[in-house]
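Inspection log for the structure reproduced underneath, given as structure tokens.
Quick note: the coordinates plus some simple rules give every number you see, no bench work behind them. Since this is a predicted model, take the numbers as computed values, not measurements. Note that we place each Cβ from the backbone using ideal geometry, even for glycine, and neighbour counts take in every protein chain shown.
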Ligand code: UDP
């Protein structure tokens, strides 16, 4: 597969066109940002881990009925994916209170919910990705009602499947963010990535944070945490 011109460079990834108009190549960087790009840094080896971890998890999800953009891992940092039009929504599922949920509602981290919650943010860096509800999504025509129903169905299924996989790794899935896109035929697929950049992962025994919160909150041991999570996932799959 031939890498052609660069389409886009984001905070953590670059995207290239290929000789196939329906296939793009994603290249994962070690760059890390937090707080809407205000905190910048680098996590050595993160690009390799996030690429490989996201691909492993997407392949599991595919076999369990969640369509994804995954096509083929090309090398340790690069993957061929289906070209999609990303829905401008961050889809966030929570099993346990943390992060912006705790801040918004003034509650401690670690409250285990009776049932998972879903929320959406409007992907718009200038606005700081504001929280958005279903009616406002329709008002802004960000997607159709049918698409949002599909997104919700897949998001909860992804949560059930990931909870099980991480559980086998001795890791509790606290919350995560996923994104969806439309492929050429109009169907909805899971896109973007699933990694410690986009999930909160706590050691089930000790509660130790094994995700990007170590970078966000300057907890140290960031590289080691990413490696630890990857090592456990490889063991479990
Ligand atoms: N998240 C993400 N990208 C974002 C915002 C959140 O991947 O731009 C992930 C984050 O890693 C966490 C989940 O979504 O696993 C919920 O994040 P939250 O809303 O608590 O926001 P944060 O505290 O990260 O600002």
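Distance between the C-alpha centres of region 170-214 and region 28-103: 7 Å, rounded to the whole angstrom.
Taking all Cα pairs closer than 8 Å and separated by 6 or more residues, the relative contact order of the chain comes to 18 percent. Overall form of region 22-127: prolate. Here a/c, set by the Cα gyration tensor axes a ≥ b ≥ c, is 1.5 or more, and a/b is the larger of a/b and b/c.
Entry note, region 1-113: relative contact order of 17 percent, from Cα contacts under 8 Å with a spacing of 6+ residues. Mean separation of Cα pairs under 8 Å and 6 or more residues apart, divided by the residue count, gives region 101-237 a relative contact order of 14 percent. Between residue 124 and residue 74, the simple label model (points 7 Å from Cα in the Cβ direction) yields a spacing of 3.3 nm. For the chain, the mean residue ellipticity at 222 nm estimated from helices alone is -10000 deg cm²/dmol, where every DSSP H run of n ≥ 4 contributes -39500 (n - 2.57) and the total is divided by all residues, rounded to the nearest 500. Classify region 76-188 as rounded, prolate or oblate from the Cα gyration tensor: take a ≥ b ≥ c as the square roots of its eigenvalues, call it rounded if a/c is under 1.5, otherwise prolate when a/b beats b/c and oblate if not. It comes out oblate by the Cα gyration axes. Quick check on region 119-237: take the gyration tensor over C-alpha atoms, sort the square-rooted eigenvalues as a ≥ b ≥ c, and tell me if it's rounded (a/c under 1.5), prolate or oblate. It is prolate, given that a/c is not under 1.5 and a/b is the larger ratio. A convex hull fitted around the alpha carbon atoms of the chain yields 132 Å³ per residue. Segment residue 224..residue 36, full-extension length gain: 65.3 nm, with 0.36 nm per residue of separation and the alpha-carbon distance subtracted. The radius of gyration of the Cα set in region 84-145, together with its Dmax, comes out at 13.3, 38 angstrom.
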